[in-house]
Amino acid sequence: MIMDRRRRVRADEQRSIVSLALPALGVLAAEPLYLLVDTAVVGHLGSLPLSGLAVGGSLFALIALLCNFLAYGTTSRSARLYGLGRREEAIGEGVQASWLAVGVGVLIVVLVQLLATPMTTALAGGTTPTQAAAEQWLRIAVLGAPFILLTLAGNGWMRGVQDTVRPFRIVLLANALSAVLCPILVYPAGLGLAGSAVANVIAQLVGGVLFVRALLATGAPLRPDRRILAAQLRMARDLVVRTFAFQACFLSAAAVAARMGVAQVAAHQIGLQLFFFLALALDAFAIAAQSLVGASLGSGRPDQARQTARRVAWYGGAAGLVATVLLLAGVAVIPRIFSPDPAVLEQAELVWWWLALMQPVAGVLFALDGVLMGAGDVAYLRTLTIGAALVGFLPLNLLALPLDLGLTGIWAGLTLFVVLRLVGVLLRVRGSAWAVVGDRA
């Protein structure tokens with residue numbers, strides 16, 4: 001009887017993880033897949049509009065990335081309250097996060113309109129045709145910022161109350177709308193590159209409005225709460241600092257690769273984009289972990305939170321192993337999708353082994369990152385990320401050029417960055433400091 005009960009508990013837990021992870025994977029995959037469509041549409045206009053999209057899109061993506069705290073921080077806080085049986089307060093976190101999204105979103109619109117010229121000039125390397133195209137696209141696209149942030153906040157509170165299906169439907173609808181509108185506005189409507197930005201804004205508006213509509217349907221009080229907003233901003237501070245540490249690593253790696261040669265920077269870009277894509281896919285287990293761990297700790301069940309941590313770590317590692325097998329099997333094919341240049345392919349082969357073999361480690365790391373985020377232990381994750389960057393990634397990366405290590409040096413640094421963070425999260429999860437029960441806020 002006891003064994004049967006344990007099997008039922010394990011089966012229920014497995015279903016919970018999978019039922020949350022699969023729709024979350026759809027949400028995570030929708031944006032990069034749409035960006036591929038957007039890139040393909042604009043690419044047929046010529047190299048200048050495409051380069052403008054690359055510069056403007058990179059700046060806008062960085063802004064959106066820095067605001068991811070609205071999703072991850074809100075999930076953690078909302079899930080804990082949900083576990084306490086305080087569903088209305090859990091949804092209230094979404095209300096406050098939405099107020100924060102509107103305020104920060106409007107501020108971003110104002111700042112980007114004021115700074116669009118110097119920002120695009122700095123990234124494009126001067127006042128060039130590429131800079132002008134990037135500025136045109138960015139000034140239009142940024143108008144959707146408040147709605148993007150409302151979408152992040154909506155994803156956050158819905159994941160917190162263990163609803164990942166509705167966010168998937170909303171995000172899928174918004175991205176499908178954009179994918180349909182983009183070619184129409186770019187070509188028949190004759191808007192060119194600006195049509196891509198307009199399609200983005202319309203889709204973001206629809207997505208943001210649908211998330212607000214879902215929030216209003218709950219009947220939750222809409223009044224701003226200074227205490228909750230202040231707590232959300234404290235968590236946001238740690239998550240933003242952590243994101244800055246990531247960006248410092250990746251920007252420095254790109255700068256070093258660019259000084260090695262054209263083939264090296266092209267191969268590095270191929271590897272890095274695949275790394276990001278796989279990270280998004282593996283992050284589905286992290287999102288499930290955030291929701292389940294937050295709810296378990298909120299309801300005073302640390303043992304269940306630890307069991308979830310063990311299970312998602314196994315799932316993450318297994319998914320990473322599958323990614324490794326696919327990458328190694330495709331070593332002769334996948335790089336050629338991105339470039340036919342023999343010099344680039346030669347450099348990509350150097351990157352490939354590092355990229356492929358780190359995936360099981362990365363899968364476990366991303367899953368346990370989600371566990372600690374679900375527990376609200378973001379200050380530890382912030383400090384760990386900064387430490388791993390300073391001790392692991394940056395030294396090897398910066399020494400790659402003077403020591404003539406090539407891309408091997410850069411990717412060894414990235415691998416060490418991942419390994420050091422995994423060691424840090426494993427040590428943390430083995431302890432008890434993260435598993436604070438009740439209302440941590």
Report summary line: Treating only Lys and Arg (+1) and Asp and Glu (-1) as charged, each at its beta carbon, one finds that the chain has a dipole about its Cα centre, in Debye to the nearest 20, of 1520 debye
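When the helices in the chain are scored as -39500 (n - 2.57) per DSSP H run of 4 or longer and the sum is shared across all residues, what 222 nm value do you end up with, to the nearest 500 deg cm²/dmol?
Calculated mean residue ellipticity at 222 nm is -29000 deg cm²/dmol.
Can you give me the Rg/Rh ratio for the range 93-200, using Cα atoms for both radii and the Kirkwood formula for Rh?
Values: Rg = 16.3 Å, Rh = 15.5 Å.
Here the Rg-to-Rh quotient is 1.06.
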Query - log10 of Debye I(q)/I(0), alpha-carbon scatterers only, for the chain at 0.08 Å⁻¹ - result: -0.46
Requested in this report: Evaluate the Debye formula for the range 13-224 with equal point scatterers sitting on the alpha carbons, no solvent, and hand back log10 of I(q)/I(0) at q = 0.11 Å⁻¹, in q order, two decimals.
Outcome: -0.54
Query raised in the report: Which residue, 100, 222, 414, has the most motion in a Gaussian network model of the chain that connects Cα atoms within less than 10 Å?
Result: 222
Report summary line: Given unit charges at Cβ for Lys, Arg (+) and Asp, Glu (-), the dipole magnitude of the range 13-224 about its Cα centre in debye, nearest 20, is 440 debye
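May I ask you to sort 353, 99 by Cβ crowding, counting other Cβ atoms within 10 Å and putting the fewest first? Could the numbers behind the result be given before it?
Values: 353 15, 99 19.
With the fewest neighbours first, 353, 99 line up as 353, 99.
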Report summary line: If unit charges are put on Cβ atoms (+1 for Lys and Arg, -1 for Asp and Glu) and the dipole of the chain is taken about its Cα centre, the option from 285, 260, 432 lying farthest towards the positive end turns out to be 432
Report summary line: Length gained if residue 430 through residue 276 is fully extended, taking 0.36 nm per residue and subtracting the Cα-Cα distance, is 52.7 nm
Report summary line: Between residue 262 and residue 227, the FRET efficiency computed from the C-beta separation at R0 = 41 Å comes out, to the nearest 0.05, as 0.15
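Using a simple charge model, +1 on the beta-carbon of Lys and Arg, -1 on the beta-carbon of Asp and Glu, nothing else, what dipole does the range 309-436 show about its Cα centre, in debye to the nearest 20? Intermediate values should be presented prior to the final figure.
On the way: 7 positive and 6 negative charges, 126 e Å.
Using only the charged Cβ atoms, the result is roughly 600 debye.
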**Report entry** Sequence-distant residues sharing a close amide H with residue 220 (under 5 Å, placed H)
**Finding:** none
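Rank these for me by crowding, 287, 170, 337, 140, going from fewest to most other beta carbons within 10 Å. Write down the numbers at each step before the final one.
On the way: 287 29, 170 24, 337 9, 140 20.
So the residues, fewest neighbours to most, are 337, 140, 170, 287.
Throughout, read-outs are computed from the coordinates displayed, never taken from laboratory work. Because the structure is a prediction, the values reported are computed rather than measured. Reconstructed Cβ throughout: ideal geometry from the backbone, glycine too, with neighbour counts over all protein chains shown.
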